[in-house]
1. Which ranges mark the strands (runs of 3 or more DSSP E) fully within region 30-83 that have 1 or more residues being out of contact with any strand residue (DSSP E or B) (no Cβ under 8 Å at 6 or more places or on another chain) and either at pLDDT below 75 or surrounded by 15 or more Cβ atoms within 10 Å (Cβ to Cβ) (or both)?
2. Under 6 Å between Cβ atoms, which residue pairs at least 6 apart in sequence (or on different chains) link something in region 102-122 that is part of a strand (DSSP E or B) with a partner that is buried (at least 20 other Cβ atoms within 10 Å of the Cβ) and among the charged types (D, E, K, R)?
3. For region 15-26, give me each residue that is surrounded by 12 or more Cβ atoms within 10 Å (Cβ to Cβ) and within 13 Å of the chain's Cα centre (by Cα).
4. When region 84-101 is examined, which residues are found to be of a type in the set (A, V, I, L, M), without any contact (Cβ under 8 Å) to a residue 60 or more places away in the chain and outside any strand (DSSP E or B)?
5. Out of Ala98, Ala106, I need the residue that is closer than 30 Å to Asn121 by Cα and modelled with pLDDT of 90 or more. Which one?
6. Return yes when Ile12 is at pLDDT below 95, surrounded by 15 or more Cβ atoms within 10 Å (Cβ to Cβ) and either in contact with a helix residue (DSSP H, G or I) (Cβ under 6 Å, 6 or more places away or on another chain) or not in a helix (DSSP H, G or I) (or both) and no when it is not.
Amino acid sequence: MLTGAFVTIASINFDLVVDFYTKFLGSAPQPHLPHVYAEFSVAGLKLGIFCPKPSNYDEFKHPSQSGISLCLEVVSLEDSIDKLAQIGYPPTGQITTASHGREIYAYDPDGNRLILHQSANT
């Protein structure tokens, strides 16, 4: 029986990735074990960042392209794009519009895809 679920990102660039999410999400991770594990709570989602053991580093140096994306619902797409630009990771594409709202892709320091989505209802 499940008691919960959350998304985790493994990174050998642990400090850089934790710094990125701290700045972008605007909150410090809790709990946070330096160089080991950091956890963010985002609108009911737990996002864990962990540093793999050195014996597993090769697996994460050149990760294969994944179909998994972290989709973050935002109030203002423009404000989120500005925030990403301020911390050095501006989206490279254009805003797209669909019946469900507007979105743009961005990437964290390890190349994990973020989908920033602003609902058509906001």
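The values are calculated or read from the model by the stated rules, or taken from the named source; none is laboratory data. Here the structure is a predicted model, which means the values were calculated and not measured. In this analysis, Cβ positions are derived from the backbone assuming ideal geometry, glycine residues included, and neighbour counts consider all displayed protein chains.
1. So the answer is none; nothing clears 1.
2. Between residues of region 102-122 that are part of a strand (DSSP E or B) and residues that are buried (at least 20 other Cβ atoms within 10 Å of the Cβ) and among the charged types (D, E, K, R), the close pairs are Ile115/Glu103; His117/Glu103.
3. Leu16, Val17, Val18, Asp19, Phe20, Tyr21, Thr22, Lys23, Phe24, Leu25
4. Result: Ala85, Ile95.
5. Result of the check over Ala98, Ala106: Ala106.
6. The answer is yes for Ile12.
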